[in-house]
Structures are given as C-alpha cells and as structure tokens.
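Single-structure report; data block below.
The values are calculated or read from the model by the stated rules, or taken from the named source; none is laboratory data. Please read all numbers here as calculations on a predicted model, not as lab measurements. Here the Cβ is made from the backbone with ideal geometry for all residues, glycine too, and neighbour counts use every protein chain on show. Side chains included, ligands, DNA and RNA excluded: accessible areas come from the protein's heavy atoms. Shrake-Rupley method; radii C 1.70, N 1.55, O 1.52, S 1.80 Å.
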Amino acid sequence: MVVGAGVAGLVAARGLTDAGHTVIVLDKGRRVGGRLSTRVFANGGRADAGAQFFTVRSDEFARAVASWQETDLVHEWCRGFSSNDGHPRYAVRGGMSQLATALAGGLDVTCSVRVEQIRVGGDRVIVTWPEAHGHGAGRVDADAVIVTVPVPQASVLLGSDVVVPPISYLPTLSLMVALDRDVDISPSGGLQLVEDPVLSFVGDNHAKGTSASSVITFHSTSDFAASRLDDPISSISDSLLRATRPYLSGASVVETQLQRWRYATPVEVFPERMFATEGGRILLAGDAFGGPKVEGAFLSGMAAADQINRGR
C-alpha cells in the first residue's frame with residue numbers, strides 16, 4: 001500500500017505493480033500529484049501552482065524524462081532564465097499535473113481519503129481512515145506501507161511508537177495571476193529572484209507551454225510565507241499582488257488564485273533515498289530522502305519500491 005499520490009508515491013506504486021504486487025494508493029487531495037499541481041482559470045488559462053519545472057542529474061531520471069519527451073508530454077522549457085547556463089529545465093505540456101496523471105495511469109488510486117492512522121499489528125500494517133468527502137470509513141491490512149507525505153505529517157500518522165527522521169520544511173505561497181494580455185517577464189519567461197523580500201520566482205505559464213493565455217505564477221520567499229501562512233486568503237493575495245506589480249507591465253488582472261504550501265521544501269535531506277522503520281514493513285519516501293525536488297522524489301519512490309521488491 002502507498003499513502004500519498006505525489007511523484008514519490010506514484011513511482012513507488014508503479015514499481016511495486018510492475019513487480020506483481022497488488023497496490024492501493026490513497027491520497028487526501030482531490031486529485032493526484034501533490035506539488036505537481038496545475039490550476040485552471042475561468043478564461044481557460046492554466047497555471048502551475050507548485051513545481052514550476054524540473055532538472056535532470058541522474059541516469060535513472062534521464063531515462064524517464066527521455067520517454068516522456070518521446071510522447072511529447074515533457075519538453076525543454078529553457079536553459080536558464082536570465083541567461084543560458086547550459087542546464088535544461090523541463091516543463092510539462094498543459095501543466096505539471098499532466099505528468100502526475102500519466103504516472104497514475106492504470107494504478108488503483110483513491111483521492112479525498114484522509115488517512116488517520118498507520119499501525120503495525122502482528123505481521124501486518126493496518127491503515128485506517130474516517131468517513132469524509134463521500135468516502136466511508138475504511139481499513140486496509142497490508143504487508144507493507146510506503147508513506148510519501150511530508151515527514152511531519154507521516155510522524156502524526158505513525159504515532160509515538162515509530163521514530164522518524166527529524167526533517168522540517170520551509171513554506172511557500174503561490175499566487176497565480178491571469179492577465180488580459182501577455183507580458184515580457186524575461187527571454188525565457190521565468191525569473192529566479194534573489195534579493196526580493198517577498199517574491200522568489202516568477203513563471204510565465206504561457207511562455208513555458210502550460211497555458212494558452214497569459215497566467216503568471218509568483219512564488220513567495222519562505223520568510224514571507226512563514227509570516228503570513230495562516231492569514232486570510234484575501235489578505236495574503238492583496239499583499240502578494242502589490243509585490244507583483246513591477247512584473248505585470250500595466251496589464252489588467254483578470255483573476256487570481258492562491259495556494260499555500262506548508263511543506264514546500266525540506267530544510268535538510270535524509271542521506272538515504274528512503275527510510276525503513278524497524279521491521280521494514282513501513283517505509284518513508286519523498287523529496288526529503290536522498291535529494292530534493294521532482295527528481296529526488298522520483299528516485300526516492302523507486303528506491304522504496306526496490307526495497308520491498310528485494311524482500312519478496
């Protein structure tokens with residue numbers, strides 16, 4: 001069983017399924033993807049709310065990306081934002097959520113299920129959840145469980161009997177702004193900001209092939225997000241919108257949407273690509289294990305599935 005249908009969870013489920021295991025995937029969100037999230041606007045525009053792009057460092061991930069390019073799911077967005085640094089940044093046609101949908105194809109995934117508890121009982125791992133969002137209360141007794149939610153959330157699910165690595169995360173706020181016309185963000189359509197106290201990244205979803213119309217994604221700094229994370233949506237949006245004005249070139253704002261990411265980026269990364277609890281029946285995986293970002297989550301999911309497959 002897999003808890004969490006982000007990149008790590010979907011890759012782990014695929015690896016287990018391909019090895020002949022029966023796998024159930026549960027996720028509390030309304031759709032798969034986790035931080036591979038794409039929002040849709042009233043005018044048909046689309047915006048990536050979480051991960052904006054990904055890079056490739058490992059041979060394993062390079063092979064996967066090459067296969068996605070062959071089907072035109074993934075394309076090279078640019079090789080640097082303000083200038084060419086030679087390192088490809090990859091984006092997904094129609095938004096990052098399309099990659100998650102592709103990874104989930106053929107898997108047994110149920111969304112809108114908020115797992116409440118994960119416990120070891122005898123030679124089984126017991127996963128339970130209450131009635132909510134149209135799903136009845138349930139329980140699954142599994143041979144093993146891979147938990148891919150952020151580590152602080154995993155710790156709550158596992159309880160005090162299971163000690164997990166002490167990993168914390170930095171938050172981010174994402175404001176997506178639909179405009180009445182295109183604007184010139186940069187030659188590539190992206191900017192990584194260093195000295196701005198409010199904004200850390202600007203991404204033009206039209207320029208990178210996510211949206212047919214102009215929608216800009218602005219990510220806040222972690223310091224700004226930490227200070228405002230629990231404020232009302234309208235207050236956060238107004239503050240962020242004021243900070244975006246220099247990048248809008250006088251274009252009119254048609255619609256805004258806000259996404260809070262409480263667990264956006266791990267502060268430190270566990271040195272191994274997954275973590276197995278005592279007995280090896282519960283494994284933790286995700287971008288906090290072995291390496292951050294999309295590639296790190298992908299490799300961590302592979303490692304967790306391989307660990308279980310080797311123990312068959």
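Just report the Cα centroid separation between region 70-110 and region 238-312, whole Å.
The distance from the Cα centre of region 70-110 to that of region 238-312 comes to 15 Å.
Can you list residues from other chains, or at least 5 along the same chain, whose modelled amide H is less than 5 Å from the amide H of CYS78?
Close amide H contacts, sequence-distant or interchain: ARG89.
Looking at region 139-220, which trypsin sites (Lys or Arg not before Pro) are in a loop (DSSP not H, G, I, E or B) and have at most 13 other Cβ atoms within 10 Å?
ARG181
Each residue of region 291-296 in turn: what ³J(HN,Hα) in whole Hz from Karplus with 6.51, -1.76, 1.60 and θ = phi - 60°, glycine and Pro shown as x?
x, x, 6, 4, 4, x
Through the Karplus equation 6.51 cos²θ - 1.76 cosθ + 1.60, θ set to phi - 60°, convert the phi angles of region 276-282 into ³J(HN,Hα) values in whole Hz; use x for Gly and Pro.
3J(HN,Hα) across region 276-282, in whole Hz: 9, 6, 4, x, x, 8, 10.
At most 11 other C-beta atoms within 10 Å and a DSSP loop state: those are the exposed GluC sites (Glu not before Pro) I care about. Give me the longest piece of the chain that has none.
1-130
Under 5 Å between amide H atoms, partner at least 5 residues away or on a different chain: which partners does GLY33 have, H built in plane at 1.01 Å?
Hits under the 5 Å cutoff: ALA5, GLY6.
In whole Hz, with x marking every Gly and Pro, tabulate ³J(HN,Hα) for region 237-248 from phi via Karplus 6.51 cos²θ - 1.76 cosθ + 1.60, θ = phi - 60°.
Result, ordered by residue: 4, 4, 5, 5, 4, 4, 6, 7, 3, x, 9, 9 Hz.
Where a ≥ b ≥ c are the square roots of the eigenvalues of the C-alpha gyration tensor, would you call region 1-85 rounded, which needs a/c under 1.5, or, failing that, prolate if a/b is larger than b/c, or oblate?
Verdict is oblate for region 1-85.
Helix 7-18 against the longest principal axis of the chain: what's the angle in degrees, Cα atoms only, rounded to the nearest 10?
Tilt relative to the chain: about 40 degrees.
Output the relative contact order of region 156-223, whole-number percent, from Cα pairs under 8 angstrom with separation of 6+ residues.
Relative contact order comes out at 36 percent.
Ranked from the most accessible area to the least, with a 1.4 Å probe and all protein chains present, what is the order of MET274, MET96?
MET274, MET96
Please report the accessible area of VAL253 (heavy atoms, 1.4 Å probe, ligands and nucleic acids excluded) in Å², nearest 10.
50 Å²
Can you sort SER239, SER160, SER83 by 1.4 Å-probe accessible area, starting with the largest?
Correct descending sequence by accessible area is SER160, SER83, SER239.
What is the set of long-range amide H partners of VAL120 at a cut-off below 5 Å, with H atoms built 1.01 Å from backbone N?
ILE126
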